[in-house]
Structures are given as C-alpha cells and as structure tokens.
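Participant: Can you keep this structure in mind? I'll have questions shortly.
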Amino acid sequence: MSTAEQNEIKRAMEESSAPHIYANWHSVKYLLLKHIENHVSALGTNSAILSRDEYQTEAGNVCHSHLIYAIDKSTLNENSEKYIQDLIRTSVLEIIKTNEDVERLLDNGLLKSVDEIPEIQHRADTILRHRCDNRCYIRIGDGEGEENFRCRKTHAVKNSPDTTQHNYVPFDVKYNPAALEVLEEIGMYSPPDDPSDVHSHGKFGHPYFAPSRHVPPCNFNAEENMSPVIPDFFVATKSMQNAQALAHTNGIPKYVCKYITKFDKDNYVMLLQDIHT
C-alpha cells in the first residue's frame with residue numbers, strides 16, 4: 001500500500017470518528033456543567049451560571065466553554081474572598097503545593113497516590129504553558145517588527161507588582177474626555193494632580209469606573225507563563241483551563257452581551273446533496 005493510500009485511510013478514519021467525538025464531548029460537557037452547578041461546593045453557593053461554546057479558527061478540535069460562575073454573596077464571610085483567590089494557581093510547581101491540597105485531592109478520589117504528582121506537573125507544563133502565536137498578539141505600534149506587538153495574556157510574574165500576594169492591577173482604560181467632564185461635574189471624578197502624568201487617570205468616586213484584574217501570587221522564578229487554574233478541576237479534567245477571580249461585575253454585562261450575541265464563524269454545518277461533489 002502506497003503512502004498516499006495509507007494517508008487516505010488514516011484521514012477517512014479521522015473524519016468518520018469526528019461525529020462520535022463531537023457527540024461524546026457535548027454529553028460529557030453537559031454532565032460536567034450540571035455537576036459544577038449543583039455539586040461543586042469549593043467555589044461557594046452558586047446563584048447563576050453562564051456557559052457559551054466557542055470554536056477556534058483552524059484548530060480542528062471540539063469546542064471549549066466560556067463559563068461564569070456567580071456566587072451567592074449572602075453565603076460569604078470576611079475570609080471567603082481570600083479563600084476563593086487562593087484556589088487559583090499560576091505555576092506548574094504550585095498546582096499541588098500544600099499538604100492540604102494533597103489530602104483534599106486524595107479524599108475526593110482525584111489522586112490515587114502522591115506518586116501521581118510529578119505526572120500532573122508534567123502534564124501542566126505541556127498543556128498550560130503559554131506559547132505566543134498570532135491569536136494572542138495585539139498591536140502597540142505602527143511598524144511590522146516584533147516591537148510593535150505584545151502578548152495580550154496577563155503574565156503572573158511580569159505583570160504583578162508583588163508576586164508574593166494577591167494583587168488587583170488596574171486596566172489601561174482609554175477614557176472619553178467628555179465622559180470625564182460629566183463625571184467631574186457630578187462629583188464622581190477628580191483629575192490627576194499632575195496633568196502631565198500620562199500614567200494617572202485621576203480618582204473616581206466609584207470602583208466601577210476604575211476596573212482592575214486579579215493577579216494571583218506566583219513563584220518568582222516561574223517562566224512558563226502558565227494559564228491560571230483551580231487544581232481540583234485540572235487534576236479531574238486533565239485539560240486546558242483559564243480561571244479568574246472577579247471581585248465585582250466591572251465589565252461582566254458587556255462580556256455576557258458579547259457572548260450571547262456573538263456569531264461564531266467557526267461553528268457551522270455543511271450539507272451537500274451529492275456526497276461526491
């Protein structure tokens with residue numbers, strides 16, 4: 001059998017298996033979402049969930065999900081926010097970093113033995129390590145050289161003012177001058193003391209006008225720029241994740257509206273009258 005014939009058979013097997021893989025994935029995904037909604041207590045009492053499927057251009061894989069898990073604030077206490085923040089890990093060696101982590105994962109059946117930890121760390125370094133490509137670059141200059149682009153992903157070391165603790169780093173928001181004038185008139189905004197300071201936006205009378213991003217602690221020597229994960233979910237699913245803690249809504253309404261109305265160009269079905277065309 002020639003190489004071309006072998007490749008044709010291989011491709012036929014892959015294409016014939018696609019519908020079964022797709023159907024199985026959606027069944028498993030639905031069960032996972034129902035489990036998260038009804039049985040996951042580590043995150044707190046759930047009050048709402050939004051989940052949206054998305055397909056990656058030219059990736060040739062099944063969909064991934066964007067999920068927002070809302071926690072009932074009435075069930076939280078003064079220690080709850082830090083507890084939820086501490087669930088998120090940002091480096092390979094810290095996915096399982098405490099004796100409490102090991103005991104919890106063993107008790108839940110997610111780990112059979114501590115001997116599995118090196119394998120989990122290796123898998124995390126393979127799956128969660130960020131590798132830049134055209135999808136993550138954003139333009140910051142007019143030229144075509146590398147200096148005119150930067151990665152849009154938050155780096156747990158380089159973008160953190162202090163890697164030993166939780167931080168909320170302000171977004172670089174471009175404010176409309178007319179909006180700032182209105183906010184100043186109603187007493188919700190004060191211009192910066194030094195107008196020449198381009199890094200200061202002034203002071204706002206409400207935190208919603210100064211959105212920030214949670215950046216968890218990270219091993220200062222970590223170089224993998226790992227996607228942040230919740231250990232229990234990564235050990236259970238063995239798949240790519242990106243977990244973020246949101247202290248208040250900030251841009252959530254815009255995010256929700258975007259994914260409700262977004263037309264996914266990579267999610268389509270093609271029907272043919274003639275299978276030979």
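Participant: Quick check: is even one residue across the range 85-100 in contact with a strand residue (DSSP E or B) (Cβ under 7 Å, 6 or more places away or on another chain), among the charged types (D, E, K, R), over 21 Å from THR154 (Cβ atoms) and open to solvent by 40 Å² or more (accessible area, probe 1.4 Å)?
Facilitator: Taking every residue of the range 85-100 in turn, none turns out to be in contact with a strand residue (DSSP E or B) (Cβ under 7 Å, 6 or more places away or on another chain), among the charged types (D, E, K, R), over 21 Å from THR154 (Cβ atoms) and open to solvent by 40 Å² or more (accessible area, probe 1.4 Å).
Participant: Could you please let me know if PRO216 is closer than 20 Å to GLY251 by Cβ and either modelled with pLDDT of 90 or more or β-branched (Val, Ile, Thr) (or both)?
Facilitator: yes
Participant: Same structure again: As an exercise: evaluate ALA247 against (1) within 27 Å of TYR189 (Cα to Cα); (2) assigned to a loop (DSSP other than H, G, I, E, B); (3) modelled with pLDDT of 80 or more and give the number of the one condition it does not meet.
Facilitator: (3)
Participant: Taking the stated definitions as given, is ASP133 within 24 Å of the chain's Cα centre (by Cα) and exposed (fewer than 10 other Cβ atoms within 10 Å of the Cβ)? Quick ask: steps written out before the conclusion?
Facilitator: On the way: within 24 Å of the chain's Cα centre (by Cα): yes; exposed (fewer than 10 other Cβ atoms within 10 Å of the Cβ): yes.
Criteria met by ASP133.
Participant: Select from the range 145-186 the residues that are touching a residue at least 12 places away in the same chain (Cβ under 8 Å), outside any loop (DSSP other than H, G, I, E, B) and open to solvent by 70 Å² or more (accessible area, probe 1.4 Å) and list them in ascending order.
Facilitator: Passing the criteria: ARG150, TYR168, PRO170.
Participant: Further question: Considering only residues that are under 32 Å from the mean Cα position of the chain (by Cα) and surrounded by 13 or more Cβ atoms within 10 Å (Cβ to Cβ), look in the range 189-204 and name the one that is nearest to ASN221 (Cα to Cα).
Facilitator: Within the range 189-204, the subset under 32 Å from the mean Cα position of the chain (by Cα) is 189, 198-204.
With the extra rule that they be surrounded by 13 or more Cβ atoms within 10 Å (Cβ to Cβ), the set shrinks to 189, 201-204.
Working: TYR189: 39, HIS201: 32, GLY202: 34, LYS203: 34, PHE204: 36 Å.
Only one residue tops the list, namely HIS201.
Participant: Evaluate the following for SER51: is it at pLDDT below 85 and touching a Ser or Thr at 6+ places or on another chain (Cβ under 9 Å)? Step through it out loud before you land on a result.
Facilitator: Values: at pLDDT below 85: no; touching a Ser or Thr at 6+ places or on another chain (Cβ under 9 Å): yes.
So SER51 fails the test.
Participant: Run down SER200, SER239, SER196 and say which single residue is at pLDDT below 90 and either part of a helix (DSSP H, G or I) or touching a helix residue (DSSP H, G or I) at 6+ places or on another chain (Cβ under 8 Å) (or both). First the steps, then the outcome.
Facilitator: Working: SER200 fails: either part of a helix (DSSP H, G or I) or touching a helix residue (DSSP H, G or I) at 6+ places or on another chain (Cβ under 8 Å) (or both); SER196 fails: either part of a helix (DSSP H, G or I) or touching a helix residue (DSSP H, G or I) at 6+ places or on another chain (Cβ under 8 Å) (or both).
Result of the check over SER200, SER239, SER196: SER239.
Participant: For the range 60-86, how many residues are part of a strand (DSSP E or B) and aromatic (Phe, Trp, Tyr)? Before you say what the answer is, go through the steps one by one.
Facilitator: Applying the first criterion (part of a strand (DSSP E or B)) to the range 60-86 yields 64-71.
Okay, now just the ones that are also aromatic (Phe, Trp, Tyr), so 69.
The total comes to 1.
Participant: When SER17 is evaluated against the numbered criteria (1) open to solvent by 50 Å² or more (accessible area, probe 1.4 Å); (2) more than 30 Å from SER80 (Cβ to Cβ); (3) without any contact (Cβ under 8 Å) to a residue 24 or more places away in the chain; (4) not acidic (Asp, Glu), which criterion, by number, is the only one it fails?
Facilitator: With respect to (1) open to solvent by 50 Å² or more (accessible area, probe 1.4 Å); (2) more than 30 Å from SER80 (Cβ to Cβ); (3) without any contact (Cβ under 8 Å) to a residue 24 or more places away in the chain; (4) not acidic (Asp, Glu), SER17 is out only on (1).
Yes or no, residue by residue, for (1) closer than 16 Å to ALA245 by Cα; (2) of a type in the set (S, T, N, Q); (3) free of Cβ contacts under 8 Å to residues at least 60 places away in the same chain:
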| site | (1), (2), (3) |
| --- | --- |
| THR45 | yes, yes, yes |
| ASP53 | no, no, no |
| ASN79 | yes, yes, yes |
| TYR83 | yes, no, yes |
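The values are calculated or read from the model by the stated rules, or taken from the named source; none is laboratory data. Model, not experiment: these values are computed from the prediction. We place every Cβ from the backbone using ideal geometry, glycine too, and count neighbours over all the protein chains shown. Just the protein is used for accessible areas: all its heavy atoms, side chains included, with ligands, DNA and RNA removed. Shrake-Rupley method; radii C 1.70, N 1.55, O 1.52, S 1.80 Å.
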